[in-house]
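None of the figures in this text is laboratory data; all of them are computed from the coordinates on show. Because the structure is predicted, anything quoted here is derived from the model rather than measured. Ideal geometry is used to build each Cβ from the backbone, glycine not excepted, and the neighbour counts take in all protein chains shown.
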Amino acid sequence: MKYRTKIISLSAVIVFLAASYFMGGLFTAQKKVDKKAMEPLFDQALRETLTSIKVSTTPETGLVTIEKDAEKDEWVIRIDENVTYPASRIRVNSLISSVFDVTKYKLMGRGEKYWAEFELESNRADTVEVFKDGQSMFTLYVGKEGPGGKGDYVRSSLSDEIYLTDATMQRHFGQDPRYWFNMRLFPEGYTGEDIFAITFIDMNSDGKISIKREEQGKLEKWVNLIPGGPTPEGKVADAIADNLALLEAVNFVNGAELTPNVIMELDTGKLGHLTIDCQKIKDEGQYVYLLKKRGDSYMYLIKEDKLKRLFQPEGLFPKQ
C-alpha cells in the first residue's frame, strides 16, 4: 500500500512538472510574440534628429517637403529652391509620431508578390520619406486600410516585411499642401496674453492708436501711450489682442514689397518687437489685406472682415 502511494505521488509530481514546463514554454513563446509586436519599425533616435520629410499629398501635387529650420527651431514647407512658408508644428509632430509609433504589430507576409494585394506598390501607396542631413534614411509605404479602418497595411524600404498597424495614418495623406501650412500670424499656442503693446498707424490719415498693458500678462488693465488720451477699455483691448494672436490667413503670397495703408507695431513676450505692414487690395472683386512682417520673405493674404474691426476698434476708448 505504501509502495502504491509512493508511485501515485511520484506520478503526480512528474505530471505537475511536465505541465509546468509545457505552460512555461507557452508563456515564454507568447511573451516573445508580444515583445515582437511592440518592437518599433524604425530607429527611435532618428525621431529627434531628422531634418526633413517628404509626404504624399494630392495626385496633382505629388509630394510636399517639410524641413526643419535649425536656426529658428521651426518646421517650414519648402515650395521651391528659394521659397519656404511656416509649417503647422502640431500637424508635423503628429505625422512624425504616427511614423515612429509604427510597430511590428502583425506580420502579414514577406516579399514583393504581396504588394498588390495590400496596395503597397511604389506607384500606388502613400509615402513618407525621412531624411537626415540631406540623406534619405527610409521610406514608409502605406497601403490600404485594415479591417474596419482601424489600421493600415505598411512596408518599409528597409525590409521586405508587410505589417498591419494598430492605428490608421490615412489623415496625413491626400491633403492639399496648404493643410501643412501654419497660416496664423503667430505660432500655434500663442495667445493674446503674449501681446502686451499694440499700435495701429493709419497711413492715409496719420491717425494712431497706441496702448500697452499695465503689466505683462495682466488682463483688462491697459494704458494709453498717447499723452493726454483716455484710458482704454480693458476688455475690448484684450479682445483685440486675442484676435491678433489667432489671426489666420487664407493663403501665403510670395511677391513684392507692400505700400501699407496701416502699420501695426506689436510688442510680444516671445517674439520681441514686430512691425507688420498691411495693404488693402481688391482681389477677384473682393477687398482683402496683404500683411507682411518686416524681415519675412512672404506675405499673408487675409480677408477684410478679419481685420476691419481691428483697425476700427469700436469701444476701445470711452466717449468723452
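Counted by neighbouring Cβ atoms within 10 Å, the residues F173, F118, F196 run from fewest to most as F173, F196, F118. Between T168 and K106, with labels modelled 7 Å along Cα→Cβ, what's the label distance in nm to one decimal, could you check? In this crude label model, T168 to K106 measures out at 1.5 nm.
If you run the Gaussian network model on the chain, springs between alpha carbon atoms under 10 Å, then out of E304, E193, E48 the most flexible one is E48.
Once you keep just the Cα pairs under 8 angstrom separated by 6 or more residues, what percentage relative contact order results for the stretch 155-270?
Reported relative contact order: 32 percent.
Of R78, R294, the sequence from fewest to most neighbouring Cβ atoms within 10 angstrom is R294, R78. The helix-only estimate of mean residue ellipticity at 222 nm for the chain, built from DSSP H runs of length n ≥ 4 each weighted as -39500 (n - 2.57), is -7500 deg cm²/dmol after division by the residue total.
Just want to confirm a number: the relative contact order over the chain, from Cα pairs under 8 angstrom separated by 6+ residues, in percent.
For the chain, the relative contact order is 12 percent.
Helix 2-37 and the longest principal axis of the Cα set of the chain meet at an angle near 30°.
Derived scalar couplings between HN and Hα for the stretch 261-266 equal 8, 9, 10, 9, 10, 10 Hz in order, rounded to whole Hz, by the Karplus curve 6.51 cos²θ - 1.76 cosθ + 1.60 (θ = phi - 60°), x for Gly and Pro. Name the aspartates and glutamates eligible as straight-distance cross-link partners of K104: C-alpha to C-alpha under 17 Å, and not fewer than 8 places from it in the same chain. Straight-line reach from K104, under 17 Å: D34, E39, D43, E145, D152, D160, E161, D166. Here the stretch 46-180 is described by how far its Cα atoms reach on the three principal axes: 43, 29, 23 Å, from widest to narrowest.
Across the stretch 139-150, computed HN-Hα scalar couplings (Karplus, 6.51 cos²θ - 1.76 cosθ + 1.60, θ = phi - 60°) run 10, 9, 9, 10, x, 6, 6, x, x, x, x, 8 Hz from first to last residue, x flagging Gly and Pro.
The convex hull built on the alpha-carbon positions of the chain has an orientation-averaged projected area of 28.7 nm².
FRET efficiency for the S157 to T259 pair, using the beta carbon distance and R₀ = 56 Å, is estimated at 0.65.
Distance between the C-alpha centres of the stretch 50-96 and the stretch 210-259: 30 Å, rounded to the whole angstrom. Calculate I(q)/I(0) for the stretch 192-311 by the Debye formula, one identical point scatterer on each C-alpha and no solvent, and give its log10 at q = 0.13, 0.17 Å⁻¹ to two decimals. Cα-only, vacuum Debye calculation for the stretch 192-311: -0.52, -0.87. Derived scalar couplings between HN and Hα for the stretch 111-117 equal x, 5, 4, 9, 4, 5, 4 Hz in order, rounded to whole Hz, by the Karplus curve 6.51 cos²θ - 1.76 cosθ + 1.60 (θ = phi - 60°), x for Gly and Pro. Please tell me which of these pairs span more than 28 angstrom C-alpha to C-alpha: K132/K292; K270/K303; K270/K308? K132/K292, as the Cα separations exceed 28 Å there.
Please give the contour-minus-distance gain from K113 to N251: 0.36 nm per residue of separation, less the Cα-Cα distance, rounded to one decimal in nm.
45.3 nm
The protection proxy used here, the mean number of other Cβ atoms lying within 10 Å of each residue, ranks peptides 106-117, 229-240 as follows, highest first: 229-240, 106-117. Note on K72/D133: beta-carbon distance plugged into 1/(1 + (r/R0)^6) with R0 of 22 Å gives a FRET efficiency of 0.80.
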